[in-house]
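Shown next, in structure tokens, is the structure this report addresses.
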Amino acid sequence: MYYKRLLIANRGEIAVRIIRTARLLGISTLVIYSDKDKDSDHVNLADEAYPLKGDDLISTYLNKEQIIRIAVENKADAIHPGYGFLAENPMFSDVCTQAGIDFVGPDAKSIELMGNKVNARKFAVKQNLPVLEGIVGDKEALLKQADQLQFPVLVKAAAGGGGKGMRIVRLIADLEEAITATSREAEKYFGDGEVLLERYIENPRHIEVQVLADKHGNAVHLFERECSIQRRFQKIIEEAPSVSVGPELRERMGQAAVRLTQALGYSNAGTIEFLMDENQEFYFLEMNTRIQVEHPVTEMITGIDLVEQQLAVSSGKKLAFTQNDICLNGHAIEARIYAEDPEHDFIPAPGDIEFYKEPIVTNTKLRVDSALSKACTIHPDFDPMISKLIVWDETRELAIDGLKQALSDYHIHGIENNIHFLKNLIGTGAFKQNQISTHFCKQNEKLLLDCMRNDQKSIDHALFHIAFSHYDLQISKPNNIWEEIGYWRNARKAFKLIQGEKTIEIVNYGDLTYVVDNKDYSFEKLNLNENCVEMIYEGKIYSFFISKNFSNEAHISCQGILMSLRRWSDSDNELYNESFEGGGNSSDKIIAPLPGKVVKLNVKEGDKIQKSDVLLILESMKMENSILAPFDAVVAEITIKEGEQVQSQMELIKLVEA
């Protein structure tokens with residue numbers, strides 16, 4: 001028996017993921033939730049759910065005392081922390097132990113040692129693992145040693161991970177600002193502002209090794225994952241195994257990871273992260289003492305449920321297999337679905353999802369790890385990840401094809417997201433040929449955006465217009481059957497649509513014939529099934545998913561492409577005149593691109609600024625976003641202050657052209 005009652009100290013997709021395995025093992029699940037999560041899927045799926053008092057992360061999901069109290073009062077045997085939040089907090093591990101509750105993770109000593117990058121590096125050196133040279137300290141100490149550094153360098157938080165605060169610095173003149181910003185983020189996210197500078201590898205690969213260890217001294221690795229496709233130093237595509245790692249290198253990396261794990265006296269699941277240069281030399285980065293976001297790709301190629309193993313090890317069981325028992329089978333790829341705008345530097349995009357439809361899972365090759373099943377709100381307080389798509393197949397090529405299809409079948413309306421970006425990324429020749437590094441997205445930014453724009457043209461836009469028109473006609477048909485028959489026999493329905501600045505004229509001649517801007521379209525099939533218009537046009541099958549919001553704007557998606565439309569009305573002439581003569585969005589105003597908190601204001605009224613100067617830093621969805629000056633100017637008025645919470649489209653600063 002593992003446990004009777006498991007409290008999950010997390011939210012979102014990882015909470016749902018843990019519930020899934022616990023249920024298979026006959027374990028009752030208890031979850032916690034803040035007010036913003038009261039309608040979330042993890043709350044609805046668990047056996048029991050308990051509210052957290054408070055309105056921010058510190059007082060809810062990061063509140064150790066409140067979580068332990070809920071666990072004790074409701075007789076939980078164990079607490080699973082998932083990833084993020086308290087998963088790598090040694091004090092939380094200790095508090096669980098003191099309360100007589102098993103912490104499903106390593107002990108506090110292991111978490112503390114590996115949680116600090118400097119101490120972890122020193123420990124890795126003792127175990128004969130290669131590391132990159134670097135220095136650590138506060139801003140003053142680091143700047144004193146700056147002339148000894150070989151640039152470029154990577155600036156990162158000594159006490160954290162997940163890409164938070166990382167910055168590449170190529171010139172010594174830019175070092176102070178980078179250290180200041182990283183230290184600020186490190187203090188906020190990890191409670192420790194200490195900064196690490198290390199030698200920067202120009203085109204590295206990010207390779208990590210999954211390890212499992214029990215409390216009886218047994219440890220194994222479950223091969224490696226390729227995690228090089230990143231944006232903002234955070235992963236968006238992960239693969240297992242890495243096609244860049246051959247059998248001999250795989251063995252060396254695996255042995256190094258197990259050696260460090262056993263020397264640490266570690267138990268539970270963990271991940272050893274390495275950087276690999278173009279000569280296939282690898283260097284220890286850090287150890288993550290928790291389950292990883294990307295753990296499903298390892299599960300898919302080994303057939304081992306990592307959450308089940310975590311629960312087994314935590315409850316005192318020995319590993320049920322040895323290294324020789326673990327086999328590598330096929331190839332798996334994971335794509336992270338984020339609420340963000342790839343066309344604008346992946347800026348987070350919280351807001352209301354109006355329509356949500358995941359690809360249908362029909363076999364064991366496709367897996368969707370998500371906490372959503374319906375329209376909901378993506379809050380700016382939380383990480384922007386919505387879900388994960390995982391595809392397995394016998395070869396990498398087949399897995400890529402499967403993932404591309406799954407992304408085409410994923411529909412999210414109402415907020416910006418990266419589905420279309422990911423679909424085009426995995427379709428590039430460079431990705432297919434494994435010509436990647438951690439800078440792939442940045443180095444191929446123009447190519448990837450061009451691919452997205454070209455893909456937008458792969459389906460005749462008139463088909464989107466017809467799909468919406470057909471939807472609108474069908475849902476507005478008369479209820480009386482005799483009127484309906486007469487309507488369709490004699491109908492010649494003409495109307496206009498608005499797409500951006502363009503007006504489209506459409507005429508409908510019965511069920512299967514439309515004219516769009518004087519071009520005829522005839523269909524073999526055209527019917528509405530709930531909110532999906534299914535059509536066959538020129539022998540090709542299309543499925544268009546349609547939703548409408550309260551502003552009567554429609555969103556139509558097909559094969560990863562999303563379009564917004566609305567019906568034209570008589571008031572549009574007046575609206576257009578106002579909009580295109582300047583309106584209220586003149587370029588002398590700095591507008592908040594998303595909701596968030598002003599963490600730093602770099603200017604004051606009267607300052608002269610140059611184009612691209614950082615005016616302020618806006619924090620949203622656990623990311624800092626720099627707001628830049630659009631031209632040379634003078635700051636005329638500042639309408640916000642540091643620490644203030646602002647809403648999307650709120651005016652922040654007024655400028656006067658210099």
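Just so it is clear, none of the values below were taken in a lab; they were calculated from the coordinates. None of the values given here were measured: they were computed from a predicted structure. Reconstructed Cβ throughout: ideal geometry from the backbone, glycine too, with neighbour counts over all protein chains shown.
Taking each residue as 0.36 nm, the span from Ala658 to Lys432 lengthens on full extension beyond its C-alpha to C-alpha distance by 76.5 nm. Binning all Cα-Cα separations of the stretch 183-239 at 10 Å, short to long from zero, yields these whole-percent fractions: 18, 28, 37, 17, 0.
Counting neighbouring beta carbons within 10 Å and listing from fewest to most, the residues Ser620, Ser543 come out as Ser543, Ser620. Placing dummy labels 7 Å off each Cα toward the beta-carbon, the span from His344 to Lys53 is 4.0 nm.
With a Cα cut-off of under 28 Å and a minimum spacing of 8 residues unless on different chains, the lysine pairs in the stretch 365-465 number 28.
Quick one: compute the contact order of the stretch 59-117, relative version, from alpha carbon pairs under 8 angstrom and 6+ residues apart, as a percent.
Computed over the stretch 59-117, the figure is 33 percent.
Cβ crowding within 10 Å, taken as a proxy for footprinting-reagent exposure, orders Leu403, Leu512 from fewest neighbours to most as Leu512, Leu403.
Note on Asn602 and Gln443: with the Förster distance fixed at 30 Å, the Cβ-Cβ geometry gives a FRET efficiency of about 0.55. Think of the chain as a dipole: +1 on every Lys or Arg Cβ, -1 on every Asp or Glu Cβ, centred on the Cα centre; then among Tyr521, Leu366, Gly510, Leu366 lies furthest on the positive end.
Look at where the Cα atoms of the stretch 215-239 and of the stretch 33-105 average out, and the two centres are 25 Å apart. The alpha carbons of the stretch 9-140 stretch over 48, 36, 28 Å along the principal axes, in descending order.
Would you compute, from DSSP H runs of 4+ residues alone, the mean residue ellipticity of the chain at 222 nm, taking -39500 (n - 2.57) per run and dividing by the full residue count, rounded to the nearest 500? Display every interim value, and only then the final one.
Values: 19 runs with 184 residues, N = 658.
The helix contribution divided over the chain gives -8000 deg cm²/dmol.
Proximity of backbone amide H atoms, modeled 1.01 Å from N, is registered between Arg566 and Ile498, Ala554 at under 5 Å, excluding neighbours fewer than 5 places apart on the same chain. Computed over the chain, the range of Cα coordinates on each principal axis works out to 82, 64, 53 Å, biggest value leading. Since only Phe421, Val16, Phe382 are under comparison, the one whose Cα sits farthest along the positive direction of the charge dipole of the chain, derived from C-beta charges on Lys, Arg, Asp and Glu, is Val16.
Would you order Ser458, Ser547, Ser59 from fewest to most other beta-carbon atoms within 10 Å of each residue's own beta-carbon? Each step should come with its number before you reach the end.
Working: Ser458 10, Ser547 21, Ser59 13.
Least crowded to most crowded, the residues run Ser458, Ser59, Ser547.
What the Cβ-Cβ distance of Gln474 and Asp450 gives, at R0 = 45 Å and to the nearest 0.05, is a FRET efficiency of 0.80. Once C-alpha pairs closer than 8 Å and six or more residues apart are averaged by separation and normalised to the residue number of the chain, the relative contact order reads 9 percent.
The protection proxy used here, the mean number of other Cβ atoms lying within 10 Å of each residue, ranks peptides 116-128, 267-279 as follows, highest first: 267-279, 116-128.
Each 5 Å bin, from zero up to the one with the longest distance, holds this percent of the alpha carbon pairs of the stretch 585-657: 4, 18, 32, 26, 16, 4, 0. For Lys318 and Ile168, a Förster radius of 41 Å and the Cβ-Cβ distance give a FRET efficiency of 0.40, rounded to the nearest 0.05. Between the residues Ser648, Gln262, Tyr410, the greatest Cα displacement towards the positive end of the dipole of the chain, with unit charges on the Cβ of Lys, Arg, Asp and Glu, is found for Gln262.
Given the convex hull over the Cα atoms of the stretch 205-456, what projected area results after averaging over all orientations, in nm²?
Details: hull surface 54.9 nm².
Value for the stretch 205-456: 13.7 nm².
For Asp632, the amide hydrogen comes within under 5 Å of the amide hydrogens of Lys611, counting only partners 5 or more places away or on other chains and with H modelled in the peptide plane. One Cα centroid belongs to the stretch 327-376, the other to the stretch 122-179; the line between them spans 33 Å.
Annotation for Leu24 and Glu651: the two label points, set 7 Å from Cα along the Cα-Cβ direction, are 5.7 nm apart. A cut-off of 5 Å between modelled amide H atoms, ignoring neighbours fewer than 5 places along the same chain, links Phe274 with Ile207, Glu208, Val209, Leu285.
Using unit Cβ charges (K, R positive; D, E negative) and no other charged atoms, how large, in debye to the nearest 20, is the dipole of the stretch 158-294 about its Cα centre?
Values: 16 positive and 23 negative charges, 64 e Å.
Roughly 300 debye, rounded to the nearest 20.
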